[in-house]
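The values are calculated or read from the model by the stated rules, or taken from the named source; none is laboratory data. These numbers come from a predicted model, not from an experiment. Quick reminder, even Gly has a Cβ in these numbers, built from the backbone with ideal geometry, and neighbours come from all protein chains shown. Ligands, DNA and RNA are excluded from the accessible area calculation, which covers all protein heavy atoms including side chains. Shrake-Rupley method; radii C 1.70, N 1.55, O 1.52, S 1.80 Å.
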Amino acid sequence: MKISQMKFKLLVSVITLVVMMFSTAQAQVVLPNILTVDNNRIQAKLSLTTAIEVDLTVEFENSIGLHASNFDITAELLDPSDLLITDRLPSLLTSATSGFPVLVSISPKADSGFGFEGVAMVELYTKALHYVPTIPFRLFTSHEDGTFEDITTLTSSGSLRARGSTGQFSDFIILLDTRAPSAVISDKVSNISQTVNSNRSDISLLLQGALDSGINDIQNALAIDDDAAALTAVDSLISVVDNASGSQIPDVWLANGSVVNAKGILLTQLQTLRFSLRTL
């Protein structure tokens, strides 16, 4: 009888611990305690613990249906070794930091009628990390639980501000990226080529030629380690894409997922490639 009681007490203890762990994990997903939406801008403050907060800013060049009720914005505090992070990392040399293992999700509601043109600027600011130029904290994004992709266009102090652009919405996270700069740049050029090839049927023939030529110029410059020439080629290609009209390349993102914002995605990838070349 005593053994049975001991087993029962042990079972109760285990169940209680599991429930507590589950409740704690669930409590780590938070909604904004401050949220403002106006003038093509979203600003939100999300507090996960007394020590870990994040300020989110999203700015659009041109948007429709931009209302607070049309978005679900959350922040989630994860263990850096959580599969929600590690299974989506682009390399073993990228990792979440224990000081700020925060995943921010922006999910416009599919039936909201929300949309935007081109790129949106996304910025995460936190006092939980401190900016050091030699420590490669970078802003990454992941769409529909896919691999995280570096979209950084700026990192700066105060304590850490990481900024990037995006042509679509899903998850955003600051990661420590210790890959060699050449590997990062190679991945970014590959992503640009992949985006062009994946959307080729929706891009005008004239623009396809300009994109292929520009990518070739970037690759040729990098092949001979001429970073200055590569940067010039990237700037030229950004200008080409930025000036392309919606009749030449799809340039709108809609919350219902009916179109791919190829222009916004390409500009995102080109702008972060420029950042990497400038920080060599």
#### Entry: First in the range 170-194 and free of Cβ contacts under 8 Å to residues at least 40 places away in the same chain, second anywhere and surrounded by 15 or more Cβ atoms within 10 Å (Cβ to Cβ), Cβ under 8 Å, 6 or more apart
Ser186/Leu222; Ser193/Ile215
### Odd one out for Ser95 among (1) out of contact with any strand residue (DSSP E or B) (no Cβ under 8 Å at 6 or more places or on another chain); (2) under 21 Å from Arg179 (Cβ atoms); (3) small (Gly, Ala, Ser)
(1)
### Query
Can you name the residue in the range 175-211 that is assigned to a helix (DSSP H, G or I) and of a type in the set (Asp, Glu) and is also surrounded by the most Cβ atoms within 10 Å (Cβ to Cβ) among such residues?
Asp187
### Message
Just the residues that are touching a residue at least 60 places away in the same chain (Cβ under 8 Å) and open to solvent by 20 Å² or more (accessible area, probe 1.4 Å), please, taken from the range 93-104.
### Response
Leu93, Ser95, Thr97
### Query
Say we look at the range 227-252 and pick out the residues that are within 14 Å of Asn199 (Cα to Cα) and not acidic (Asp, Glu); which of these is surrounded by the fewest Cβ atoms within 10 Å (Cβ to Cβ)?
Ser247
### Query
Are any of the residues in the range 39-52 at pLDDT 95 or above, under 21 Å from Val102 (Cβ atoms), part of a loop (DSSP other than H, G, I, E, B) and open to solvent by 80 Å² or more (accessible area, probe 1.4 Å)?
no
### Summary
Of (1) under 15 Å from the mean Cα position of the chain (by Cα); (2) not in a helix (DSSP H, G or I), Ile85 satisfies every one except (2)
#### Entry: Qualifying residues in the range 105-116 (those that are under 19 Å from Arg163 (Cα atoms) and not hydrophobic (A, V, I, L, M, F, W, C)) - the one least open to solvent (accessible area, probe 1.4 Å)
Ser105
### Query
Are any residues in the range 255-271 surrounded by fewer than 24 Cβ atoms within 10 Å (Cβ to Cβ), touching a residue at least 12 places away in the same chain (Cβ under 8 Å) and touching a strand residue (DSSP E or B) at 6+ places or on another chain (Cβ under 9 Å), and if so, which ones?
Ala255, Asn256, Val260, Leu267, Gln271
## Note on the structure
Going through the range 88-107 in order, the residues found to be hydrophobic (A, V, I, L, M, F, W, C) and in a loop (DSSP other than H, G, I, E, B) are Leu89, Leu92, Leu93, Phe100
### Message
Which pairs turn up if I take residues in the range 139-168 that are in a strand (DSSP E or B) and look for partners that are open to solvent by less than 30 Å² (accessible area, probe 1.4 Å) and at pLDDT below 95 with beta carbon separation below 7 Å, at least 6 apart in sequence or on another chain?
### Response
Thr141/Ser170; Ser142/Ser170
### Query
How many residues does the range 121-138 contain that are closer than 15 Å to Gly99 by Cβ, open to solvent by 10 Å² or more (accessible area, probe 1.4 Å), of a type in the set (A, V, I, L, M, F, W, C) and part of a strand (DSSP E or B)?
1
